[in-house]
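Below is one structure, written out as structure tokens; comments come after it.
The values are calculated or read from the model by the stated rules, or taken from the named source; none is laboratory data. What you are looking at is a predicted structure, and each value in this text was computed from that prediction instead of being measured. Cβ placement follows ideal geometry from the backbone for every residue including glycine, while neighbour counts extend to all protein chains displayed.
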Amino acid sequence: MNLGTRKLLDRAFTALGLGSIAVMAMMLLVVLVPIVSKGFSAIVFKSTVEHRKMVFNEFHRGNRSALEKEIAASDAARRNVYDMLSRFESELMLMNEDKQQEYTEKYDQVKSALRGLLGPLPGDSEPALTRLTYGQNRWEKAEEKLQELLYEKKWDYSNPDVVAKEYFVSRSAGFEGTSLARLFPYVEKNIDRMLLPEWTFYWGFITDSSVDSHIFGGIWPEIQGTLFLAIGAMLFAFPLGVIAAIYFTEYAREGFFNSLLRSANSTLAGVPSIVFGLFGLAFFINTLKVSESKSVLAGSLTLAIMILPTIIRAAEEAILAVPKTYREASLGLGSTKWNTIVTVILPAALPGILTGGVISLGRAAGETAPIIFTAAVSVGSAIGLADVFTSPTPALSWNIYNLASEHEAAAEIRHVQYGMVLSLISIVLLLNLSAVILRARISKKLKG
Amino acid sequence: MQSSPEVVETSQNASKSVREIYLPPERKKVSGGGVPHVSAKNFSVYYGEFEAVKKVNADILSKYVTAIIGPSGCGKSTFLRAINRMNDLIPNSHTTGSLMFDGEDVHGKFTDEVLLRKKIGMVFQKPNPFPKSIFDNIAYGPRLHGIKDKKTLEGIVEKSLRKAALWDEVCDRLDKNALGMSGGQQQRLCFARTLAVEPEILLLDEPTSALDPKATAKIEDLIQELRGSYTIMIVTHNMQQASRVSDFTMFFYEGVLVEHAPTAQLFTKPKDSMTEDYITGRFS
């Protein structure tokens, strides 16, 4: 091949490489940008007075007198709305039956839209669900609810050949001529006086428990559950894995049995995680009965089995990478095999072993399938350290799935879901980052 | 066939006479030495089927420096490593015949190889300090053997470093990582580390082959210093080095100990034509 072609090929390959890296970076951006921006919106957002009420009532945080002032101000703005409602109600009484029927239905829609926006109306009985005792917590949601109040969504079925189209009809037009017609422009104009939006940094999203299955509050039980499960898995898997790796590298004699063990280990690494989940249920809970039903212990054990092969492999590689000369030097000084392992080989292999361990920890934190049947519940409070043997726990990975697929108000609380995703990614990234730093520091210490 | 030098073949008296004849005057003064410290009888080392060292008969005299020379792959390192059983690390290796150290069979079934290696220290081809501080490197051996007292350890470290002629260079940075030293310093540290466990024999496996001439000269000086206090065996590729530092020389060829004689004799009047060809550089 002549020089020109070679150079051309080199350039072409460089371009190809850069191109693929660019594609990768783009994909990463496409994934990360919404997660980060929407995830942060769970913590930093424009909150309404309803949010501050909720935080004060449920978590006892906030300045009581300032809050009372705010509530008084918003009540003053709302009073007109409620007055209009009662005026319309008395008007409704005086109407003839046909008209009464026609308006009652529409009026009920207005009332429920108002409840969604401002919380229970005067005269309502105490709602059973916490989510109904407060109006909109978040300003952007309040704006959506305002649209629902102002416009009625209708479906156009006129053309049977196409899918029905939605269109919006102003509600105020429906109340033309009644006293309620004034309500709509009033609410539209005074919505911020009624809800008092304000930029908030809601750190409670990380540290609070959830209220009424994630409608309000934070995700601390999930974060804590994730940490418990991952650390618990490490407590079992790390020592076992390192011991197994030492056996494989230092003690095992090459032979049929040993290669069988190695291939068993590799196979275990390739087993899908849902299989581990079912195995955990069948073995740890139903057979060994480590707990009555789901528990952190059972989940940790299941995760430990799952990450064990990775830890063994990483530790094995790290031990094999220790120069033979260290071993010779130590043995040559009259050290026993065990002493050599403990004082020379393991310290030198430590960076690699720890890296493998922390990466496994991240994996254990992120896995969903193994904990579905063994440890995770969708809603629950944070459990104490003493309860890990008996109690199940909410966990980020499982609750992300749950919020996406099973939660009855999933669409209302997308921000919570994004917040959970961001938290999970942050935890895993932090763990991996700490692995990198730890590795660098220990390697530096070893290199002098 | 007994291929060890006639001088050591029979008794102390015979070796004495040879010392007087062949050793330069400054090398004669070795007190309490000259008895067989390691003796091989029909000693062979196998790697699987391959016989790497073939039926060697030799006596290594105590407190003298014995050099082992020979072309690559001649079994000289294997023989050296058999003495403190470093060959155990190689799977499938085994030995036949006997190799006695202080009247004990080195490869005996009940020989404690850990105790043996404590008495027979080794310095390797490539400097191999542990990735620890200089102090910890040298204290490693004594700590293994149960010395915990800080004062005692400090004493041992200083003594060993002084013996290895390294104390003046590193006394102010004992807590620094040993891997930060130069190659020559690292190798002298390995000497000091080995000396710290107070061995009786020092096995040196091409200790200067990874070093520059200056560092090599220092190591050779060090070997001169240690001569008379330890039985030293040094494997080397460098014939000048063998003639400079050793009292006796063994020449190996293809696993066979061809000639074993006082160095001055071996390099001036080799008995075997093969030895002559090798030392005159006809093959290497």
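What the table shows:
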quantity: Unmet requirement for A:S213, which otherwise passes all of (1) assigned to a helix (DSSP H, G or I); (2) not assigned by TED's automatic domain parsing to the domain that holds A:V342; calculated: (1)
quantity: Output for the range B:138-165, where each listed residue is within 14 Å of chain A (Cβ to nearest Cβ), surrounded by 17 or more Cβ atoms within 10 Å (Cβ to Cβ) and of a type outside the set (A, V, I, L, M); calculated: B:Y140, B:G141, B:P142, B:R143, B:S160
quantity: Selection within the range A:85-139 - part of a helix (DSSP H, G or I), surrounded by fewer than 18 Cβ atoms within 10 Å (Cβ to Cβ) and not charged (D, E, K, R); calculated: A:S86, A:S90, A:L92, A:M93, A:L94, A:Q100, A:Q101, A:T104, A:Q109, A:S112, A:T130, A:L132
quantity: Residue tally, condition among the β-branched types (V, I, T), at the interface with chain A (Cβ under 9 Å from one of its Cβ atoms) and out of contact with any Cys (no Cβ under 9 Å at 6 or more places or on another chain), over the range B:109-128; calculated: 2
quantity: Scope the range B:227-245; condition surrounded by fewer than 21 Cβ atoms within 10 Å (Cβ to Cβ) and in a helix (DSSP H, G or I); matching residues; calculated: B:M239, B:Q240, B:S243, B:R244
quantity: Only one of A:S300, A:S291, A:S330 that is more than 14 Å from chain B (Cβ to nearest Cβ) and part of a helix (DSSP H, G or I); calculated: A:S300
quantity: Qualifying positions in the range A:367-387 - in a helix (DSSP H, G or I) and modelled with pLDDT under 90; calculated: A:L385, A:A386, A:D387
quantity: Test: residue in the range A:141-164 that is modelled with pLDDT of 85 or more, part of a helix (DSSP H, G or I), in contact with an Asp or Glu (Cβ under 8 Å, 6 or more places away or on another chain) and under 24 Å from A:E58 (Cβ atoms); calculated: yes
quantity: Subset of the range A:381-400 (residues that are farther than 16 Å from A:A365 by Cβ and hydroxyl-bearing (S, T, Y)); calculated: A:S381, A:T390, A:S391
quantity: Residue within the range B:168-186 that is buried (at least 20 other Cβ atoms within 10 Å of the Cβ), within 12 Å of chain A (Cβ to nearest Cβ), more than 26 Å from B:V35 (Cβ to Cβ) and not hydrophobic (A, V, I, L, M, F, W, C) present; calculated: yes
quantity: Qualifying residue in the range A:268-289 (condition: within 19 Å of A:I353 (Cβ to Cβ) and polar (S, T, N, Q)); calculated: no
quantity: Lone qualifier among B:L204, B:L179 - being more than 18 Å from B:I156 (Cβ to Cβ), modelled with pLDDT of 90 or more and not polar (S, T, N, Q); calculated: B:L204
quantity: Residue list for the range A:315-325, restricted to those being part of a helix (DSSP H, G or I) and either crowded, with 20+ Cβ neighbours inside 10 Å or more than 7 Å from chain B (Cβ to nearest Cβ) (or both); calculated: A:A315, A:E316, A:E317, A:A318, A:I319, A:L320, A:K324
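For every residue, the table says whether it meets (1) touching a helix residue (DSSP H, G or I) at 6+ places or on another chain (Cβ under 8 Å); (2) closer than 21 Å to A:I345 by Cβ.
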site: A:Q224; (1), (2): no, no
site: A:A237; (1), (2): yes, yes
site: A:L240; (1), (2): yes, yes
site: A:A252; (1), (2): yes, yes
site: A:A269; (1), (2): yes, no
site: A:F284; (1), (2): yes, no
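Residues are listed down the side, and each one gets a yes or a no for (1) in contact with a Ser or Thr (Cβ under 9 Å, 6 or more places away or on another chain); (2) in a helix (DSSP H, G or I); (3) within 14 Å of chain B (Cβ to nearest Cβ); (4) within 16 Å of A:R363 (Cα to Cα):
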| site | (1), (2), (3), (4) |
| --- | --- |
| A:N402 | yes, yes, no, no |
| A:E408 | yes, no, no, no |
| A:V416 | yes, yes, no, no |
| A:L422 | no, yes, no, yes |
| A:L430 | no, yes, no, yes |
| A:R441 | no, yes, yes, no |
| A:L446 | no, yes, yes, no |
